[in-house]
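The values are calculated or read from the model by the stated rules, or taken from the named source; none is laboratory data. If you're wondering where the values come from, they're calculated on a predicted model, not measured in any experiment. Using ideal geometry, Cβ is built from the backbone for each residue, glycine included, and neighbour counts are taken over all protein chains shown.
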Amino acid sequence: MRGANAGTGRIEQDKDSRASCEEATVTTKDKAAPRSYGQACPLATAMDLLGERWTLLVVRELLLGPKKFGELGVRLAAAGPNRLSSRLDRLREAGAIEKTAAGAYTLTDFGEGLRQPVIGLAMWGLGLMQGGVDALEPRPDVIALVLTTLVSADALDGLDVTCQVQSGDDFVIDVQDGRMTVVSGRTDDPDCAHLMCSTATFIQLVSDSTTLDSAIAHGDAQIADETGDVHTLMTVLGTTVAAIRAIST
């Protein structure tokens with residue numbers, strides 16, 4: 001009987017092993033296959049595409065300008081190449097992004113429709129970060145991207161400036177015709193202004209915690225700007241954030 005029981009035990013173990021393998025296979029397939037809420041609802045349809053982890057962060061990076069796969073891989077390293085490739089493929093299939101002849105991924109006109117919703121979601125997320133949820137050092141280029149929707153055209157009226165910011169991540173702030181844009185990387189414009197400072201100093205500047213003149217005087221910032229427009233831009237951004245803070249408190 002003991003031998004029979006042992007044999008039965010081995011059979012049961014074999015069944016359990018096969019069941020575990022089958023379950024693991026199904027789970028792997030489920031993770032690889034796109035999931036759907038299965039609802040005829042515009043929000044649910046959008047979330048079918050955008051609700052997967054890392055997808056919105058891919059969009060965030062492309063809101064800051066075209067990027068090749070390697071660049072995205074560096075900025076979203078924790079996603080891993082396979083998952084990143086999967087997210088890019090799905091966004092391309094949906095018509096939200098395309099690949100240029102130079103091999104860079106960029107938002108299509110349809111994908112650009114995500115700019116306001118994604119930045120709006122980032123603004124909402126600031127409230128969560130104030131509670132100490134995110135202890136990581138914020139990215140100044142993403143903060144500048146959020147500010148593009150906060151600052152008004154009237155506040156930027158008459159301002160014409162291209163500024164290369166070197167603050168951890170290199171990025172370019174461009175203001176033309178009352179509109180501010182932010183793009184990752186460096187510009188080849190020889191006439192652009194340059195602002196060099198730490199991430200902490202940049203945040204202080206745009207949050208009205210210090211002035212550019214004060215930061216320069218204390219050795220916290222360096223600037224190459226013949227027009228003085230960068231001073232005006234930092235003042236506009238700081239004033240905008242201060243006004244929003246006053247309204248929300």
Which residue out of E137, E112, E61 is touching a strand residue (DSSP E or B) at 6+ places or on another chain (Cβ under 8 Å), of a type in the set (D, E) and under 29 Å from L195 (Cβ atoms)?
-> E61
Any hit, the stretch 172-179, residues being in contact with a His (Cβ under 9 Å, 6 or more places away or on another chain), touching a residue at least 40 places away in the same chain (Cβ under 8 Å), more than 30 Å from P34 (Cβ to Cβ) and in the same structural domain as C197 (by TED's automatic domain parsing) | no
Of D177, D188, D154, D141, the only residue that is charged (D, E, K, R) and on the phi > 0 side of the Ramachandran plot is D177
Filtered residue count, the stretch 108-124, keeping only those that are at pLDDT below 90 and either in a loop (DSSP other than H, G, I, E, B) or farther than 18 Å from L64 by Cα (or both) | 1
Unique residue being in contact (Cβ under 8 Å) with a residue 60 or more places away in the chain, over 16 Å from T55 (Cβ atoms), surrounded by 15 or more Cβ atoms within 10 Å (Cβ to Cβ) and of a type outside the set (D, E, K, R) when the list is A104, A122, A144 | A144
Test L150 against the criterion of being out of contact with any strand residue (DSSP E or B) (no Cβ under 7 Å at 6 or more places or on another chain) and buried (at least 16 other Cβ atoms within 10 Å of the Cβ), and give yes or no.
-> yes
Count, please, the residues in the stretch 208-249 that happen to be among the polar types (S, T, N, Q) and modelled with pLDDT under 90.
-> 6
Take G95 and decide whether it is modelled with pLDDT of 95 or more, part of a loop (DSSP other than H, G, I, E, B) and not assigned by TED's automatic domain parsing to the domain that holds H194.
-> yes
